[in-house]
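The structure appears below as structure tokens.
The values are calculated or read from the model by the stated rules, or taken from the named source; none is laboratory data. If you're wondering where the values come from, they're calculated on a predicted model, not measured in any experiment. All Cβ positions, even for glycine, are placed from backbone atoms using ideal geometry, and neighbour counts span all protein chains on display.
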Amino acid sequence: MAQRKKLIIGNWKMNLNVHEASIFVHTIAKDVAVHRDVEVVLAPTALALQPISLQINRRQFKLAAQNFYHQDQGAFTGEVSATQLRGLVEYALVGHSERRHIFHESDKDIRAKVQAAIRNHIKPVLCIGETAQQKADGETNDCLHDQLVGGLANVTSEELEKVVIAYEPVWAIGTGNNASPSDVEKATRAIRSQIKHLYGEASAESVHVLYGGSVKADSAATYLQVPGVDGLLIGGASLDRQAFLSIVSKAHGAAATQDASA
Ligand code: PEP
């Protein structure tokens, strides 16, 4: 079976202006090696996507949009569509907990965005995860199930090959609270089992599943070793040059170990 690439996505959220973002990319580019089994993806402010797309070596970095609107064009003042992002970004975050909880995006909105991304040849990174209350109530698997079914309705098994799933427990994002490796393993297993139920064994084996939630340089290797985890979605630590470089180099190490044991 083909090995799944390691994916490291840096979500800069609403930080760094265009100039700062460009300098940040310039300073890390010197130290990010190109590795065929690791993809390093940057999600800067939408304003910086165009200039950074001209600056990067696309073998070294891919770009992701943090958000977009589900319609392709029209009278939607202030919005950016996947059609406008097409060719500029390889990935787009969809259903990030900050979009779900601060901007009240529903599963219906998220489903429409997944469809828009796929229609525009952008790989959606579907973020799913339970709240602290759902965890306390033992509802993690139900939540993951509902968000997966809600986000992936209408996605065919062929289209699923372009979809990345990110398990991001809401209570772990930006809080410094770490999910335990065993919780991450359980959630990842539940996600693959649901994908198997929806799309079959081969899809469950091939789909990329990431973990995100307060990952730092010193915890990255642990999560990268969790069975079934194919990479990390990093918020805060992706804005710290040394921390991000260290996380990327750990993904290189994890990919190399996999190569050696294949
Ligand atoms: C995120 O924004 O997806 C995230 C995981 O943030 P942090 O790493 O800061 O928790």
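The set of residues in segment 200-226 being more than 14 Å from the ligand (Cβ to nearest atom), in a loop (DSSP other than H, G, I, E, B) and touching a helix residue (DSSP H, G or I) at 6+ places or on another chain (Cβ under 6 Å) consists of Val207, Val226. Looking only at residues in segment 156-186 that are closer than 28 Å to Gln115 by Cβ and among the charged types (D, E, K, R), the one that is farthest from the ligand (Cβ to nearest atom) is Glu158. Summed over segment 43-69, the residues that are out of contact with any Ser or Thr (no Cβ under 8 Å at 6 or more places or on another chain), buried (at least 20 other Cβ atoms within 10 Å of the Cβ) and closer than 20 Å to Cys127 by Cα give a count of 4.
Does Ala117 qualify as being within 14 Å of the chain's Cα centre (by Cα), buried (at least 18 other Cβ atoms within 10 Å of the Cβ) and either among the aliphatic types (A, V, I, L, M) or within 16 Å of the ligand (Cβ to nearest atom) (or both)? Judged against the criteria, Ala117 is a match.
When residues in segment 62-112 are screened for being within 16 Å of the ligand (Cβ to nearest atom), charged (D, E, K, R) and outside any loop (DSSP other than H, G, I, E, B), 3 of them pass. Each residue in segment 240-262 was checked for being outside any helix (DSSP H, G or I) and within 13 Å of the ligand (Cβ to nearest atom), and 1 of them qualify.
Each row is one residue, and each column tells you yes or no for (1) farther than 30 Å from Glu159 by Cα; (2) buried (at least 18 other Cβ atoms within 10 Å of the Cβ); (3) of a type in the set (Lys, Arg); (4) free of Cβ contacts under 8 Å to residues at least 40 places away in the same chain.
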residue	(1), (2), (3), (4)
Ala187	no, yes, no, no
Ile195	no, yes, no, no
Glu201	no, no, no, yes
Ala204	no, yes, no, yes
Gly212	no, yes, no, no
Ala220	no, yes, no, yes
Leu224	no, yes, no, no
Leu232	no, yes, no, no
Ser238	no, yes, no, no
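Taking every residue in segment 94-107 that is of a type in the set (A, V, I, L, M, F, W, C) and pairing it with any residue that is within 12 Å of the ligand (Cβ to nearest atom), at least 6 positions away or on another chain, the pairs with Cβ-Cβ distances below 8 Å are Val94/Val125; Val94/Cys127.
Screening the candidates Gly138, Gly150 for the property of being more than 16 Å from the ligand (Cβ to nearest atom), modelled with pLDDT of 95 or more, farther than 22 Å from Glu39 by Cβ and in a loop (DSSP other than H, G, I, E, B) yields one hit, Gly138.
Here's the yes/no breakdown for (1) of a type in the set (A, V, I, L, M, F, W, C); (2) in contact with a Pro (Cβ under 9 Å, 6 or more places away or on another chain); (3) away from the ligand (no atom under 16 Å from the Cβ); (4) closer than 25 Å to Thr257 by Cβ:
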| residue | (1), (2), (3), (4) |
| --- | --- |
| Arg4 | no, no, yes, yes |
| Gly10 | no, yes, no, yes |
| Met14 | yes, no, no, no |
| Val18 | yes, yes, yes, no |
| Ser22 | no, yes, yes, no |
| Ile28 | yes, no, yes, yes |
| Asp31 | no, no, yes, yes |
| Arg36 | no, no, yes, yes |
| Val40 | yes, no, no, yes |
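Taking Ala237, is it part of a helix (DSSP H, G or I), within 14 Å of the ligand (Cβ to nearest atom), within 17 Å of the chain's Cα centre (by Cα) and within 18 Å of Glu98 (Cα to Cα)? Yes.
Rundown of residues vs (1) farther than 13 Å from Leu7 by Cα; (2) of a type in the set (Gly, Ala, Ser); (3) modelled with pLDDT of 95 or more, yes/no style:
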| site | (1), (2), (3) |
| --- | --- |
| Lys186 | yes, no, yes |
| Ile195 | yes, no, yes |
| Ser219 | yes, yes, yes |
| Leu224 | no, no, yes |
| Leu232 | no, no, yes |
| Ala237 | yes, yes, yes |
| Leu245 | yes, no, yes |
| Gly253 | no, yes, no |
